[in-house]
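The values are calculated or read from the model by the stated rules, or taken from the named source; none is laboratory data. Keep in mind it's a predicted model, so treat the numbers as computed, not measured. As a convention, Cβ positions derive from the backbone with ideal geometry for all residues, glycine included, and neighbour counts pool all protein chains shown. For accessibility, only protein heavy atoms count, side chains too; no ligands or nucleic acids. Shrake-Rupley method; radii C 1.70, N 1.55, O 1.52, S 1.80 Å.
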Amino acid sequence: MSKTILILGGGWGGLTAAHALLGQVPKDYRISVIEKRQSFVFYPSFLRVIIGEKPDLNNVESPMKNLLRKDIEIINEEVNRINPETRTVYTNAQTLQADYLIIAMGSELYPDNISGFTGSSLNLYDTKGVFDIFEKLKNFRKGKIAFLITRTPFRCPPAPYEGAMLTEWFMRQRGVRQDIEIAIYTPEKQPMPVAGPQIGEKFCQILKDRNINYYPEHSVTKIDGKSNKIFFSNNAEADYDLLIAVPPHGAPKSIADSGLTDSTGYIPVHPQTMQLLENVDELTTRYPQVYAIGDNAAIRLLNGMMLPKAGVFAEDQAHIVARNIVAQIKGDKQSALFNGRGICYVDVGDGMAVEGSGDFYAYPAPWINLETPSPEVRKAKHEFERVFELWFSK
């Protein structure tokens, strides 16, 4: 009888895991991916959409049926419940049993958790939202553009800052920057707080150099689209003419309903093996053939903060889990360990990007290095996007 490696979620982490397992497991193992969406969404290209560099929907989405590797089975269903003890998955259409289970369902967007979000703001993390942002920006000539981070954590922590810097550059290219105010409002104490105060100060200086106003520790309570006002918990208010916002994120409902989350709202996992934790303090694991990777996983760092939700980590975790599943199947020792290291390319405008690299598992706090912005780094970021073309046919 055939055996099954079941991957929940056909996003960045899930498809990376599927590709990493291909050709490495015996032929009697089938690799199945459950994904509720008909299309794969390539989020790294969203920022280029808002300034017109990616004008076609085909640049950021591809039907799952166009996946080049046909030996990855795509099950287009929605996960309703997960039983990790028996490795049983209940979908809206059937019940599936797995020999190995990888939970890679990412984080969901919950815009309705903020009063007035829907209808008043443009969603920076939504396909329709980013194309709508471009349509607004290309005709915007005068007034205030506000970027709003509603809640933390959210995926790709630099993204809203990149969005503001790219918008600033776009407006300069159009010759209207002098008549436009750009501001960022966030509940964070600094940009990307997990990176530490020095990195935060560097990013604040980059924003200042571009005349982008920055308002930290502003937690939104509601948005009034009629008066174009944002209201915050510190009793502050802000006006806007165009509002671009990051909605609240959270684990998919089916994960929470399955009792897999802890106080973080996500699945606690071992920081090196990505196996589900039984005891967070002692790092004892349970369900040896069940893993969680990417945005739906929670990893507490040595300084008490959480590992950021970023595609680079989901990708590395997927490879680690794939190698360990192969080792289990072959009866070998599981030796692959996720090390918490990663590189991120951050757009800063003017055709340049900055490379940020670091060790998030460093003691006593993450060690992060920020290079000088350059066109070469932006080219490297674009090269990173080629995986979309390697996975899917046009």
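Structural remarks
- Residue list for the range 120-144, restricted to those being in a loop (DSSP other than H, G, I, E, B) and of a type outside the set (G, A, S): L124, Y125, D126, K138, N139, F140, R141, K142
- Among the residues of the range 37-73, those that are closer than 21 Å to S2 by Cα and open to solvent by 50 Å² or more (accessible area, probe 1.4 Å) comprise R69, K70, D71, E73.
- Among the residues of the range 304-334, those that are in contact (Cβ under 8 Å) with a residue 12 or more places away in the chain and among the small types (G, A, S) comprise A310, G311, A314, A318, A322.
- Among the candidates K65, K36, the residue that is within 30 Å of G163 (Cβ to Cβ), free of Cβ contacts under 8 Å to residues at least 60 places away in the same chain and not small (G, A, S) is uniquely K36.
- Selection within the range 203-250 - in a loop (DSSP other than H, G, I, E, B), open to solvent by 80 Å² or more (accessible area, probe 1.4 Å) and within 28 Å of K142 (Cβ to Cβ): N211, K226, D241
- Condition met for A104 (open to solvent by less than 50 Å² (accessible area, probe 1.4 Å), closer than 26 Å to I267 by Cα and within 14 Å of the chain's Cα centre (by Cα)): yes
- Test: A314 is surrounded by fewer than 18 Cβ atoms within 10 Å (Cβ to Cβ) and at negative phi: no
- Residue within the range 261-280 that is of a type in the set (G, A, S), under 16 Å from the mean Cα position of the chain (by Cα), over 16 Å from G9 (Cβ atoms) and open to solvent by 10 Å² or more (accessible area, probe 1.4 Å) present: yes
- Residue in the range 93-101 that is polar (S, T, N, Q) and without any contact (Cβ under 8 Å) to a residue 12 or more places away in the chain present: yes
- Within the range 182-202, the residues that satisfy the criterion of being at negative phi, of a type in the set (A, V, I, L, M, F, W, C) and either at pLDDT below 95 or surrounded by fewer than 18 Cβ atoms within 10 Å (Cβ to Cβ) (or both) are V194, A195, I199.
- Across the range 331-371, the qualifying residues are those that are among the charged types (D, E, K, R) and over 22 Å from H382 (Cβ atoms), and the one among them that is most open to solvent (accessible area, probe 1.4 Å) is K333.
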